[in-house]
Structure formats: structure tokens, C-alpha cells
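Derivation of every value follows stated rules applied to the coordinates shown; laboratory data play no part. Bear in mind that the values here come from a model prediction, so they are computed numbers and not experimental data. Please note: Cβ atoms are built from the backbone with ideal geometry, for glycine as well, and neighbour counts cover all protein chains shown.
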Amino acid sequence: MRFERPSSNALWQTDWTRLGTSWVIAIMDDASRLVVGYGEFDSATAENSALVLEEAIRKWGTPKSVLTGHDTQFVPTSKDASPENHAFQQALKRHGIKHILARVNHPQTCGKVERFFGELKRKLHHFRNLNHFVEWYNEVRPHMSLDWDGLETPFQAFRRKLPKAIKAGIEVKIHESQNTSET
């Protein structure tokens, strides 16, 4: 059974995967399948997780909740560690984002981002780099779980599924971000 949130920015899924000698993080909007944040790093850390989350929020707005696994990049693990000393937990708190933890040893819970990682590993060699792959995934490739008859991309679905009250603000952020990245 397929499950998805009805509107953009209601829930973001995030996880890390190994890609060659690097670690890649992806943050995906649950309703639209848009990859709102990603990065390639030497190590998968809470600090890098928070960095990518902050960048995604600046560009796409603040999600109501974020779904992650129980990995150390997302939650403090030792009994002595507290959320106040964990970079990702601090970012969630700063933005008032609810943290939803997936079931342990159940990768299907974050299945949309896991599916993206599979696609990334199968097709990245056809692209110049990770940036070009994500651009293709978000803006060119129609997604079968969206409006397939209309050949809808994740970017189009994200805009369509945004609550009307915040649509204009997101459009401004997208426009500003695109102009900044071109310079």
C-alpha cells in the first residue's frame, strides 16, 4: 500500500548512503518526491546532516516533520548524549520541526528516499556529477507515482501540492536560489 502526505512540506524523508568512497545524504519531500536537499561528503555526520537540512529549508521552506532512521547522524545514541549537543537535533528544534523515527531495521519506512538512492546508484554514471543527476531527477524525469498521464516531475508536483498560503513565498525563494546559483 502506498502512503504519502497530501501536501508539500508536510513531511521530508532523509537518509545517508555510501557512494564509492563518499557519503551522500538526500532529503526528499514525501508528497512530491522532490529532492529538496542533498550533499556528498567524506563522512556522514550530524553536522553535515544539519547543514543540508538548513540549506533545504532556505530554498524550499520549513517542513512540519522529518522522518529519519535511528542513525547517529540524526539522533544522539549514548545515554549521556543529549539533543542539545547534537547538530541535527538542534536544527530541528530551531525550526520547530517534529522528528519522526522510522521503525528499527525497517528500510521500507523511508522507502521513497531509499528508492531514490537505488536510482542514483544505477544511473549516476550517465551524468557529469551528482548535481546534474538531481536536476534531471527533479525537473526532467516524469515520476510514475505522480501524475503519470501528465508526465509530472517532482518539481511540478511540489509546486502543485504546496498549500496556497505559502506558495508565493516558496516561488520567491526558488527564484532567488536559482539566480544565486548561476553567479
Sorted by average packing, counted as other Cβ atoms within 10 angstrom per residue and highest first, what order do 120-130, 25-35 take? 25-35, 120-130
How far, in nm, would the chain grow between residue 159 and residue 136 when pulled straight, counting 0.36 nm per residue and subtracting the alpha carbon separation? 6.6 nm
If each residue's Cβ is checked for other Cβ atoms within 10 Å, how do 67, 11, 19 rank with the fewest at the top? 19, 11, 67
Any of 64/123; 64/112; 59/123; 59/98; 93/121 with alpha carbons more than 22 Å apart? Name them for me. 64/123; 59/123; 93/121
